[in-house]
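Everything on this sheet refers to the single structure shown next.
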Amino acid sequence: MDLLDRIFLSLRTQGEVWGRITLAGRYGLAFPKQHAVFMAVMEGQCLINQDEGPLITLCEGDFLFFPAASRFHLRSDAEIAFTTPLTASQLATWQETSTLEYQENTGAGVSLVVGCFTLISAEAPLLFQELPPILHVSASEADTLSRQVRKMMRDEILSVEPGASTTVDRLAEILMIRTLRQAIRDNARIDGAGWLRAMGDTRIHRAMQLMHDDLSMVWTVSGLAQQVGMSRSAFADRFRRLVGMTPMEHLIGWRMAFAADLLRSDRKMKIESVAARVGYLSERAFREAFSKTYGCSPDRYRRS
């Protein structure tokens, strides 16, 4: 299995569509902080930005994803200097009816589908921390399949068929994965350190693939270097330069994330067994590494 396929498989999500937003006239609205927000523009256009971030024009057919938790602001035009937070009444109506309408006066409008993803995998932050704060795929940049998925989403929202909400969740997840894939492809071409960018290097990509394929293996820098046909020193230097950390630091981060998922998903698995699954022969050494990464013991993490 390709490394990215393995990572996408680990990004188990639970989509939650808040609902449809319809805005018209002149407006400037501030939305509360949420995690992993996605937005699909069904009709019209508007401007959006995160706190202190640049304004982005959203047009019909665009898809937007915020990897990190953030507040966002919707504006009708660039002359709107300030935005007003949603009132308690507006939030309550949105929660109850899954719709939010705002019309100050007649004028051009926009219709959007907004929701978020609950990422139930501990590996997700290791991917998202290397992505830009905003992933924006315009309708003109989207491929044929993504445009078809957006159309299906719009049709499901307008339908009254049973299961429409669940279908929209699944379609939004498909758009997120395709958006992430494009972002990773673009990110790999950007200069700088990071494991996503390092995937452009054949040997370092291969080394990461080996580690991710079998986290239980007792890997060493020398062993990895030999696997990819490099000397130990040359491999260690290239890995650190491209990824931004040593091979063992990268490996420990992913081992601890996988261990966290095991602790959460299988509460009956003994700590000793979890340690072995992520390459630790000593339960004590595993406990120390886990506590250093998550700030608590594996037992406490599991209880919480």
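The numbers here are math on the coordinates, done by the rules we state, and not lab data. Please read these numbers as outputs of a predicted model, since none were measured by experiment. No Cβ is skipped: glycine too gets one built from the backbone with ideal geometry, and neighbour counts run over all protein chains shown.
Ranking of TRP219, TRP195 by neighbouring Cβ atoms within 10 Å, starting from the fewest: TRP219, TRP195. Which whole-angstrom value gives the distance between the alpha carbon centres of segment 128-176 and segment 68-97? Comparing the Cα centres of segment 128-176 and segment 68-97, I get a distance of 21 Å. Computed packing ranks the peptides 138-147, 238-247 as 238-247, 138-147, most packed first, by mean other Cβ atoms within 10 Å. With helices as the sole contributors, the chain gives -14000 deg cm²/dmol at 222 nm; each DSSP H run of n ≥ 4 counts as -39500 (n - 2.57), and the sum is divided by every residue. With a cut-off of 13 Å between beta carbons, the residues surrounding TYR27 carry a summed charge of -2, where Lys and Arg count +1 and Asp and Glu -1.
The simple spin-label model puts a point 7 Å past each Cα toward its Cβ; for ASP299 and GLN45 those points are separated by 6.0 nm. Using the Karplus relation 6.51 cos²θ - 1.76 cosθ + 1.60 with θ = phi - 60°, the per-residue 3J(HN,Hα) values for segment 280-285 come to 10, 7, 10, 4, 4, 4 Hz, with x marking Gly and Pro.
Using the Cβ-Cβ distance between GLU249 and SER138 with R0 = 41 Å, the FRET efficiency computed as 1/(1 + (r/R0)^6) comes to roughly 0.65. Rg ratio for the chain: its Cα radius of gyration over 2.2 N^0.38 Å, N being its residue count, equals 1.15.
A simple rule links phi to the HN-Hα coupling: the Karplus curve 6.51 cos²θ - 1.76 cosθ + 1.60 with θ = phi - 60°, which for segment 109-117 gives x, 9, 10, 10, 10, 10, x, 8, 10 Hz, with x for Gly and Pro. Let me check I've understood the local charge: for SER304, count other residues with C-beta under 13 angstrom from its C-beta, Lys and Arg +1, Asp and Glu -1. What total comes out? For residues surrounding SER304, the net value is +4.
When the Gaussian network model of the chain links Cα atoms closer than 10 Å, the mean-square fluctuations of ARG232, ARG20, ARG154 top out at ARG232. In this rough spin-label picture, where each label sits 7 Å from Cα along the Cβ direction, the ARG241-THR87 distance is 6.1 nm.
When the Gaussian network model of the chain links Cα atoms closer than 10 Å, the mean-square fluctuations of LEU131, LEU23, LEU86 top out at LEU86. A simple spin-label model places pseudo-atoms 7 Å from Cα toward Cβ; at GLU161 and GLN95 they are separated by 3.1 nm.
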